[in-house]
Every structure is written in structure tokens, then in C-alpha cells.
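The values are calculated or read from the model by the stated rules, or taken from the named source; none is laboratory data. These numbers come from a predicted model, not from an experiment. Here Cβ is always computed from backbone atoms with ideal geometry, including for glycine, and neighbour counts include all displayed protein chains.
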Amino acid sequence: MSTTSPRRLHLNVNILHSGFVPSAWRLAHADPRAFVDVAHYVRVAQIAEAAKFDAVFLADNASIADQIDFRPITALEPTVLLASIAAATSHIGVIGTASTSYNEPYNIARRFATLDHVSGGRAGWNVVTTADLGSARNFGRDAVPVHAERYACADEFTSVVKALWNSWEDDAFVGDKTAGRFIDTSKVHPIEHRGEWFSVAGALNLPRSPQGHPVLIQAGGSADGRDLAARHAEAVFSASQSFDESASYARDLKSRAAAYGRGPNAIRVLPGLTTIIGATEADALRRRDELIDLIPWSYSLTRLAGTLGVPADTLKLDERLPDNLPLPGGGNGNHTFFHATLAQARTHGYTARQLIRALAGGGGHRVIVGTPEQIADDIEHWFNGGAADGFNLMPDALPDGLQDFVDGVVPILRRRGLFRSDYDGSTLREHFGLQRPVNPHARMETPVVAA
């Protein structure tokens with residue numbers, strides 16, 4: 001008789017300041033200062049934790065990458081903010097983004113290991129490369145490093161971080177007052193890394209963290225991004241507009257992981273999903289239109305043009321997108337959102353105006369507009385069909401859009417046996433059903449051979 005636990009849906013909430021839709025801050029009950037208000041983020045996390053979500057997630061950017069004359073931006077540094085969220089919660093995971101392009105491995109290893117310690121084993125690092133020129137210029141560069149170089153650097157960066165996280169064996173801390181022995185230094189290992197991009201002596205200056213090391217997450221849909229995920233990631237934040245596209249992505253990713261000697265369940269695939277919820281479908285459509293009507297069309301066109309890597313004046317609201325659009329920046333831009341956005345436009349034959357409405361003014365993630373039952377049906381279809389292991393939710397507005405999901409959709413998912421009613425453990429690894437990583441320095445005990 002099989003003792004395998006039933007597969008369970010994973011749900012994170014991406015706390016995009018006031019919400020996914022750019023106009024969310026303009027709603028009557030919204031606080032325009034929420035993007036820099038710790039209490040706002042804590043409140044969203046507490047709503048998600050009460051519903052037994054796996055984690056909260058914070059994106060990041062090293063420049064002003066949006067049109068701040070209209071929309072709030074990602075302003076607060078994620079790990080500092082997540083430490084505040086961890087202090088106000090007890091179970092929910094805390095996942096933050098940090099770029100391999102404009103950081104150093106030792107700093108990132110230490111920062112996220114610290115977050116794992118202070119949260120009691122709930123931390124995750126979302127590994128990204130950074131493709132915008134504004135960030136490059138903020139770090140003394142005149143151009144964005146080419147795509148292949150960014151990912152080669154990211155691979156080495158991530159390998160170094162993992163080596164630093166594993167540089168202390170689990171039992172290196174002794175703390176023996178009587179013997180006066182604090183650390184067993186034979187179990188602390190300098191990594192002595194010298195590579196193409198980094199030279200790091202190590203070891204890390206703090207013990208191995210509660211869940212072995214923070215969960216590694218990756219977000220990137222290019223071939224290089226998929227390879228990086230296949231080597232290192234334990235969860236992936238993807239952007240897919242259709243079931244077939246996401247199912248194909250999941251199969252490809254898990255096949256690549258298998259080629260690196262990893263098992264079929266090594267990676268959780270979590271597409272982004274925006275929800276706009278109403279008691280009836282008509283109510284939900286009205287809410288979407290109310291939000292869209294609060295966004296200047298000039299803002300939306302400029303944002304869409306940025307995603308596609310074309311001048312804004314080449315897009316006409318009531319015309320379809322130009323044919324044969326090349327990858328942004330000659331292939332050096334963001335592949336993921338370019339492909340997701342273009343797929344939505346081509347599949348439905350949208351004009352720019354129709355595309356903007358379908359994306360809820362956003363930047364490439366899938367949007368569902370409907371009743372709780374309709375949204376639960378869609379989630380169940382993707383989950384049971386193997387297109388997703390769960391979702392990185394981006395409610396239209398925060399916190400009320402999340403509360404609508406928690407009150408309306410979560411009970412349906414529970415009745416269908418898809419989502420937990422309580423946490424089974426206290427760490428992010430336990431929420432995701434991931435094994436605690438074995439320290440490569442761990443001594444193998446000599447087996448006892450029977451006489």
C-alpha cells in the first residue's frame with residue numbers, strides 16, 4: 001500500500017506594493033504611501049499566513065524602473081522588509097529577490113542565511129540577473145552585460161553562495177561551557193573559490209541555517225534561465241499565458257533538471273497569476289474596468305513598449321502589434337515577459353488597447369477575471385493537469401484583493417482537497433515539500449559489519 005502523501009497546491013503572494021494593477025493605489029480605500037509602509041506589508045503577510053499560504057514574495061530592482069509620476073515602485077530593500085515581516089509572523093515563508101549582477105556572493109550568502117536564522121527557517125532567495133540599463137548605470141557600468149555572460153556569472157555566483165551556506169557542518173557549534181569549547185573548527189571549511197567571476201576564501205561567518213540553507217528560487221524563461229534553474233532552483237516563478245505553454249515549460253524544466261542528476265520532484269513550478277474577483281462575472285469585469293479606467297493610456301502604452309523593447313510611438317492603441325518584433329535589446333533584454341506578452345497578443349489577435357485591458361495594465365503575467373468558483377476551476381485545471389505546482393499570486397489590489405481570494409477561493413480549494421487547512425511544519429522547505437539539503441562536508445559514519 002502506498003504511503004505517498006497527496007500532492008498539494010502551493011500558494012505565495014507577491015506583495016507588489018498597492019497591488020498588481022498600476023492604478024490600485026488610486027482606489028478610494030487605498031493608502032498611497034503603502035509602498036513604503038512596513039505595516040502594509042505586514043498586514044498582507046498576516047492575511048496570507050492566516051490562510052496558510054506557503055510564502056510571501058518581494059520583487060526588487062536596483063533602479064527607478066517605472067513611471068513614478070503615476071505609479072508607486074518597489075522601493076524598500078527586500079531582506080530588511082522581510083525581517084520585519086518574519087518578526088510579525090510565525091509560519092509563512094519569506095522570499096526576497098537579489099540580483100547576481102550587482103551584488104557579491106559573500107554578502108548575499110550572509111544576508112539570506114541571517115534571514116533564515118531570524119525567521120526560524122523560513123527564508124528563500126529569488127535568484128535573478130538584471131537586464132535594465134538604469135541598474136547598470138547605478139553600478140558604474142555604461143551598458144548591460146550580455147545575456148550569456150549574465151547567466152554564466154549567475155551560475156558561478158549561485159554555486160559560491162551554496163558553498164558558503166554549506167561551509168559549516170550542522171554540528172560545528174559546540175557551546176560547551178564546561179570544556180570551554182565554542183566551535184569545532186574542524187567542521188568549518190573555507191571554500192577557497194577562484195573562478196572566472198569571483199574569488200572568495202570563506203568560510204561564511206555564521207553557522208548553517210535552520211533549514212540547511214534558504215530555499216533557492218529562480219525566475220527566468222530563456223534557455224539560459226531554464227538551465228540555471230535546472231542546476232540550482234528548488235522553485236521557479238514563471239510567466240505563462242496558457243495551460244499548454246506552462247505544461248510544456250514544466251516538462252522542459254524537469255527534463256533539464258534530470259539531466260543534472262536531480263529527481264522529478266526537485267523543482268516546484270509556480271506561474272504568476274493575477275486575480276480580479278467579483279461575486280458575479282459581471283461584477284469582476286466591472287472591477288477590472290474601474291481599475292483600467294484609472295490608468296492613463298499613455299502610461300500603459302509606454303509600459304507595454306518597454307516590455308516589447310520598442311519606442312512607444314510605434315504602438316497604436318487600436319492597431320495590432322507590429323509584425324516580426326525582435327527580442328528587446330538585441331536579445332539582451334527580458335525574454336520572459338517579452339514572450340508572455342507577445343503570446344497573449346498573437347493568440348487573441350489583440351490590438352494594443354485590448355492587450356493592455358487583458359493584462360490589466362500589467363507586464364506579462366496571466367490575469368483571471370471572474371467569480372471565486374471560476375478562479376478555483378482554473379487553478380484546479382492547471383494544477384491537476386501538470387501545468388503548475390501552485391501559483392505566485394498577484395492580486396489586483398492589496399490587501400483587499402488578497403482578502404477576496406482568501407475568503408472566496410481558498411475555501412473552495414480546501415473542499416476539493418487541493419489546499420492545506422493548516423501548516424504541517426514550520427519551515428519554508430516543509431511548506432514546499434522539499435528535503436533538507438545534505439551538507440557535502442558531513443562525515444559518513446563507518447558502517448557496522450556483523451561478525
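Being assigned to a helix (DSSP H, G or I), in contact (Cβ under 8 Å) with a residue 24 or more places away in the chain and not charged (D, E, K, R) is a description that does not apply to Leu216. Checked against (1) hydrophobic (A, V, I, L, M, F, W, C); (2) closer than 28 Å to Gly408 by Cβ; (3) part of a helix (DSSP H, G or I), Ala345 passes all but a single condition, namely (2). The single condition from (1) modelled with pLDDT of 95 or more; (2) over 30 Å from Asp293 (Cα atoms); (3) out of contact with any Pro (no Cβ under 8 Å at 6 or more places or on another chain); (4) in a loop (DSSP other than H, G, I, E, B) that Asp142 fails is (1).
Within region 17-30, can you find the residues that are in contact with a Gly (Cβ under 9 Å, 6 or more places away or on another chain) and either assigned to a loop (DSSP other than H, G, I, E, B) or of a type in the set (Asp, Glu) (or both)?
First pass over region 17-30, keeping only residues in contact with a Gly (Cβ under 9 Å, 6 or more places away or on another chain): 19-25, 27, 30.
Of everything in region 17-30, those that are in contact with a Gly (Cβ under 9 Å, 6 or more places away or on another chain) and either assigned to a loop (DSSP other than H, G, I, E, B) or of a type in the set (Asp, Glu) (or both) turn out to be Gly19, Phe20, Val21, Pro22, Ser23, Leu27, Ala30.
For the residues Ile292, Ile267, Ile217, the requirement of being more than 17 Å from the chain's Cα centre (by Cα) and either β-branched (Val, Ile, Thr) or on the phi > 0 side of the Ramachandran plot (or both) singles out Ile292. Could you tell me whether Ala203 is of a type in the set (A, V, I, L, M) and touching a residue at least 60 places away in the same chain (Cβ under 8 Å)? Answer is no for this residue. Could you grab me the full set of residues in region 157-193 that are closer than 19 Å to Thr114 by Cβ, assigned to a helix (DSSP H, G or I) and not charged (D, E, K, R)? Correct list: Phe157, Thr158, Val160, Val161, Ala163, Leu164, Trp165. Among the residues making up region 219-263, those that are charged (D, E, K, R) and assigned to a loop (DSSP other than H, G, I, E, B) are Glu234, Arg262.
Restricting to region 264-284, name every residue that is more than 17 Å from Gln218 (Cβ to Cβ), in contact with a strand residue (DSSP E or B) (Cβ under 8 Å, 6 or more places away or on another chain) and either in a strand (DSSP E or B) or of a type in the set (A, V, I, L, M) (or both).
Initially, region 264-284 is screened for residues more than 17 Å from Gln218 (Cβ to Cβ), giving 264, 273-284.
Still in the running and in contact with a strand residue (DSSP E or B) (Cβ under 8 Å, 6 or more places away or on another chain): 273-278, 281, 284.
Those that are more than 17 Å from Gln218 (Cβ to Cβ), in contact with a strand residue (DSSP E or B) (Cβ under 8 Å, 6 or more places away or on another chain) and either in a strand (DSSP E or B) or of a type in the set (A, V, I, L, M) (or both): Leu273, Thr274, Thr275, Ile276, Ile277, Ala284.
Within the option set Ser242, Ser222, Ser246, Ser255, being touching a Ser or Thr at 6+ places or on another chain (Cβ under 6 Å), surrounded by fewer than 22 Cβ atoms within 10 Å (Cβ to Cβ) and of a type outside the set (Lys, Arg) holds for one residue only, Ser246. Screening Ser90 with (1) closer than 30 Å to Val118 by Cα; (2) surrounded by 18 or more Cβ atoms within 10 Å (Cβ to Cβ); (3) of a type in the set (S, T, N, Q) gives one miss only, at (2). When region 325-348 is filtered for residues that are modelled with pLDDT of 85 or more and either basic (Lys, Arg) or over 27 Å from Ala136 (Cα atoms) (or both), the ones remaining, listed by number, are Ala345, Arg346, Thr347, His348.
This table checks each residue for (1) under 18 Å from Ala98 (Cα atoms); (2) surrounded by 14 or more Cβ atoms within 10 Å (Cβ to Cβ); (3) hydrophobic (A, V, I, L, M, F, W, C); (4) at pLDDT below 95.
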site: Ala154; (1), (2), (3), (4): yes, yes, yes, no
site: Ala172; (1), (2), (3), (4): no, yes, yes, no
site: Asp176; (1), (2), (3), (4): no, no, no, no
site: Arg181; (1), (2), (3), (4): no, no, no, no
site: His193; (1), (2), (3), (4): no, yes, no, no
site: Glu196; (1), (2), (3), (4): no, no, no, no
site: Pro207; (1), (2), (3), (4): no, yes, no, no
site: Gln211; (1), (2), (3), (4): no, yes, no, no
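Taken across region 382-390, residues that are buried (at least 22 other Cβ atoms within 10 Å of the Cβ), in contact with a Pro (Cβ under 7 Å, 6 or more places away or on another chain) and either closer than 30 Å to Ala203 by Cα or in contact (Cβ under 8 Å) with a residue 60 or more places away in the chain (or both) do occur, with at least one present.
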